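A.B. asks: Following this message is one structure expressed as structure tokens.
The values are calculated or read from the model by the stated rules, or taken from the named source; none is laboratory data. Here the structure is a predicted model, which means the values were calculated and not measured. Here Cβ is always computed from backbone atoms with ideal geometry, including for glycine, and neighbour counts include all displayed protein chains. Side chains are part of the model used for accessible areas, which takes the heavy atoms of the whole protein and leaves out ligands, DNA and RNA. Shrake-Rupley method; radii C 1.70, N 1.55, O 1.52, S 1.80 Å.
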Amino acid sequence: MNFNLAGLIKAAVLNGTPLLFGTSGEILTEKSGNLNLGVEGLMFMGGAFGLAGAFWYDQLAGGNASGIVAVLIALLCAFLAGCFGSLIFSFLTISLRANQNVTGLALTIFGTGVGQFVGEQLRLKVGGNISISNALKGSFANPVLPQSLQDIPFLGQVLFSYNGFVYLGIAMAIVMSLFLNRTRRGLYLKAVGESPSTADAAGINVTKYKYLATVIGGGISAIGGMVYTMTIAGTVWNHTALSGEGWVAVALVIFCLWKPLNALWGSVLFGGLMIMYLRVPVSFIPSQIYKVLPYIVTAIVLIIVSLRQKREDQPPASLGLPYFREER
Amino acid sequence: MTHAVELKNITKRFGSVVANDKVDLYVDNGVIMSLLGENGSGKTTLMNMLAGIYYPDEGQIFVNGKEVSIRDPKDAYANGIGMIHQHFKLIDVFTAAQNVALGIEDGKYDLKKVAEGVREISEKYGFDIDPDKKIYSMSVSEKQTVEIIKVLYRGANILILDEPTAVLTPQETDKLFRILKAMKEDGKAIILITHKLNEVMAVSDVVAVLRKGQHIKTVRTAETNPQQLTEMMVGRAVTLNIDRTDPVDPKPRLTIAGLTCRDSEGVSKLEDVGFIAYGGEILGIAGIAGSGQKELLEAIAGLRHISSGSIIYTPEGKSPAELVGKTPMEIKDAGVALAFVPEDRLGMGLVGGMGMTENMMLRTWNKGKGMFINRKEPEKVAEQVYEFLEVVTPSIDYPVRKLSGGNVQKVLVGREIASSPSVLMSAYAVRGLDINTSYIIYNLMESQKAKGVAVIFVGEDLDVLLALCDRILVLCGGRVSGIVDARTATKEEVGLLMTQVGGGKEANA
């Protein structure tokens, strides 16, 4: 074997983590029956605002910036940016009952625009590529677990050598899965996504659940953009770096059959597929073909799922539909 | 004695339509009451006010003698009122227990506890349900049982069932009635919304009759009979001034025999329907909503799969031809036109965003030669419809969605007539129209009849059917319940046929 398997897995996991956030957030959103196609825009906003937050903290604190504070600020900025973007989406689609597809696409355009604006502004201000100080960079991208664990052959690299966001993402997906399957609120949320009129008749506040799930889901998705910028992109704003991440995340939601636990391995698989062209190049296959692999896999999964016709694997029944109470 | 639930002076309006007009009604514990009335008599609206779906404009509601305000379904449950809607409010991918747990906030979230509760209730009233079974794998009757359990689990004392037997087989109906009686023994007050007289007689203790939103009378079931109830339900005949001419030289145009249709779930929608429609005659079709009117018209127009039976079409001066197996296009071209006015008017037949001309084109789009459509012809048709039917529109290219209901219907019916059909089917053509506009449609039907067209007119208003048609075919549960002569038949006669196959003769036999 002329390539390094552990290295490939590690790269897949690192590259999959932004997707894990993007996808999990969108799963939460879609469970409420809202199809937010603005994930791409949300991830751009998360990336730009996360970077901006860390950058300004770094500037203001001078030399004694704390790594952990910088990470928290980046997380918070990205999350809030995502919440803001999806709040616009929620207001338009839930309160004003605008078409979700159109609104989502508009949010993508808006979000990428805002992200580019903030990122490029920073870049111009600094002159050249903006980046935070090397001391802080490490607190985003360096492994968090003890060296002794990382030194275990193979497993050390495959399981214990990651930055904190990887483990945060895994924990988040597990918590989300528990929430959806083991709690009353999770049951209510799924009910809202399946049949809002039924939930309404049972006395569940449909609007509240839709808003909360969409806004929090958008925030989680945006964190994915921040993770990408701060780890993979090396805290440097590059206006094309995030392109397509959000769309892959939306495709991944379908691939995962709307289950956060599936997103754990699904994001690693897609993360791997996205970098295959770098790691396992086959000379006669152009890299562009490699890059469409995630979409091809999604299409195949869709075909298989629709052939199997298993009810549990179908999207939430009211996905994409607005809810009018008076139409009962 | 205080009543389980009492309505006083309840009025509900939707815009200018009065759905319920000063209704006074009460039910006692341990009593099954039937709420009887025609379509649109306000039964469901009235009960929806108890269930918290609508809020009354005027009047008071008392539960156990105490005045209450029911603003949403939660309030209804808090007052011990539970309604089982005609369309089940269940989540398909959830289990029975998960559905029951929806919206109940009582301490720790524990599905096992809920499942246990479901089993207890099932045992008490003799249900047969597995709490862990998913809804999508259940039969209709099981789903209904889950709905009932949902209501009972919340401790409801007053149960409202909206036409519960509409979806059940006779055996399942019997089972449901046994359960209702068990609940009655348990002291619950039960209200059954229905328009099936035999069920009223079989299961209820008292009957309340609603007509046009008003409460006519409440009587003890033991002291009444189907004839009396029908009279109360349909009321006295209203005279309408429709110039009805005698059919001239009627010839069989459509001969239908043994027509049977099933829907995608295998439920029979039409069962062994047979009749002859004559040219130069208006054949009315009466029946309670969902008795197979729509299915019948769709079957003739070729829009519905036909399980068995034949439709023989005999055009003027040509040899008879079988329509079953032909495509809708072929049937249309042969001269069978369908003008169906659905509840939302625009849903089937017209495209709301397009003008009259373009809507006329929907009939003739495939007629032109070459790759470009021919606008001249449809424009001419649109002009004709516009002039003859006096459609009120700024221009024939104005989106039909923005026209008033009557004008939309004129466009729809006018287009079908413009194709000079030899069979004209219209369903609910005067739905929602004011009286004057309705007369324009009636006169249109009349003039078609005079031209020798076989007109099939599906209507809701019995007065209209009796005054306009030559014969009336009554459907009941997808079967032909009877064909009467509209000149001699009475409203009661038709009403009885609508509610029971054979007009009660079968039920009495």
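A.B. asks: Report, by chain and number, residues whose modeled amide H sits under 5 Å from the one on B:K269, excluding near sequence neighbours (fewer than 5 apart, same chain).
C.D. replies: The answer is B:C261, B:R262, B:D263.
A.B. asks: Please get the size of the charge dipole for chain B, origin at its Cα centre, with Cβ charges of +1 on Lys and Arg and -1 on Asp and Glu, quoted in debye to the nearest 20. Before the final figure, lay out the partial values.
C.D. replies: Details: 59 positive and 66 negative charges, 128 e Å.
The dipole magnitude comes to about 620 debye.
A.B. asks: Let me ask something additional. Probe radius 1.4 Å, ligands and nucleic acids left out: can you give me the accessible area buried at the B-A interface, summed over both chains, in Å² to the nearest hundred?
C.D. replies: Buried: approximately 2100 Å² between A and B.
A.B. asks: Using Cα springs under 10 Å in a Gaussian network model of chain A, which residue among A:V39, A:V282, A:V227 shows the largest mean-square fluctuation?
C.D. replies: Of the options given, A:V282 has the highest mean-square fluctuation.
A.B. asks: Running a GNM on chain A with Cα contacts under 10 Å, which residue among A:A201, A:A249, A:A78 ends up with the highest mean-square fluctuation?
C.D. replies: Largest GNM mean-square fluctuation: A:A201.
A.B. asks: Name the long-range amide H neighbours of B:I160: under 5 Å, sequence gap of 5 or more, or other chain; modelled H, no Pro or chain starts.
C.D. replies: Counting only residues 5 or more places away or on other chains, the set is B:G82, B:M83, B:I84, B:I191.
A.B. asks: Related question: Would you be so kind as to list the residues of the stretch B:85-115 that have their accessible area lowered by at least 30 Å² in the full protein complex compared with their chain by itself (1.4 Å probe)?
C.D. replies: B:K89, B:I91, B:V93, B:F94, B:L102, B:G103, B:E105, B:Y109
A.B. asks: Could you run the Karplus curve 6.51 cos²θ - 1.76 cosθ + 1.60 with θ = phi - 60° over the stretch B:311-323 and give me ³J(HN,Hα) per residue in whole Hz, x for Gly and Pro?
C.D. replies: 10, 9, 10, 10, x, 3, x, 10, 7, x, 9, 7, 8
A.B. asks: If you place +1 on the Cβ of every Lys and Arg and -1 on the Cβ of every Asp and Glu, how big does the dipole about the Cα centre of the protein assembly as shown come out, in debye to the nearest 20?
C.D. replies: Dipole of the protein assembly as shown, to the nearest 20 debye: 1720 debye.
A.B. asks: At B:Q86 and B:K112, where each label point lies 7 Å from the Cα along Cα→Cβ, what is the point-to-point distance in nanometres?
C.D. replies: So the label points at B:Q86 and B:K112 sit 4.3 nm apart.
A.B. asks: Right, here's the next one. Cα centroid distance between the stretch B:114-140 and the stretch B:409-431, in Å?
C.D. replies: 49
A.B. asks: Also, quick follow-up: Just for the protein assembly as shown, what percent of DSSP beta bridges are antiparallel, to the closest 5? Show your work: numbers first, answer last.
C.D. replies: Numbers: 43 of 80 bridges.
DSSP beta bridges in the protein assembly as shown are roughly 55 percent antiparallel.
A.B. asks: Roughly how many whole Å is it from the C-alpha centroid of the stretch A:195-248 to that of the stretch B:379-399?
C.D. replies: Measuring centre to centre over Cα atoms gives 50 Å.
A.B. asks: Dipole of the stretch A:5-327, Cα-centred, from +1 at each Lys and Arg C-beta and -1 at each Asp and Glu C-beta, to the nearest 20 debye?
C.D. replies: My answer is approximately 320 debye.
A.B. asks: Please give the FRET efficiency for B:S310 paired with B:V267, using the beta carbon to beta carbon distance and R0 = 25 Å, rounded to the nearest 0.05.
C.D. replies: After rounding, the FRET efficiency stands at 0.70.
A.B. asks: Related question: In terms of modelled amide H atoms, which long-range or inter-chain residues lie less than 5 Å from the amide H of A:L37?
C.D. replies: A:G104, A:L105
A.B. asks: At what distance in nm do the modelled label points of B:E58 and A:D151 sit from each other, each positioned 7 Å from its Cα along Cα→Cβ?
C.D. replies: 8.9
A.B. asks: I would also like to ask the following. Pop out the carbon and sulfur fraction of the accessible area of chain A as a percent, whole number, probe 1.4 Å.
C.D. replies: Exposed carbon and sulfur together represent 68 percent of the surface.
A.B. asks: So, one more: Suppose all protein chains stay in the model; what accessible area per residue would a 1.4 Å probe give for chain A, in Å²?
C.D. replies: 43
A.B. asks: Continuing with the same structure: Tell me which DSSP H helices of chain A clear both cut-offs, 20 Å or more of axial length from alpha-carbon atoms and a mean Kyte-Doolittle hydropathy of at least -0.5.
C.D. replies: A:5-31, A:39-61, A:67-90, A:100-126, A:164-182, A:206-227, A:260-279, A:293-308
A.B. asks: Next question, about the same structure. Going 7 Å from the Cα of B:R13 toward and past its Cβ, which residues in the stretch B:45-59 have a backbone nitrogen under 12 Å from where you end up?
C.D. replies: It comes to B:57-58, nothing else.
A.B. asks: Continuing with this model, one more query. Of the options A:L19, A:I303, A:Y162, report the single residue whose Cα projects farthest towards the positive end of the charge dipole of the stretch A:5-327 (beta-carbon charges: Lys, Arg +1; Asp, Glu -1).
C.D. replies: Toward the positive end, the furthest listed residue is A:I303.
A.B. asks: Also: Distance in nm between label sites at B:T169 and B:F372, each 7 Å beyond Cα in the beta-carbon direction?
C.D. replies: Using points 7 Å along Cα→Cβ, the separation is 6.1 nm.
A.B. asks: Just want the answer: with Cβ charges of +1 for Lys and Arg and -1 for Asp and Glu, which residue in A:F284, B:G82, B:G352 is farthest toward the dipole's positive end in the protein assembly as shown?
C.D. replies: Result: A:F284.
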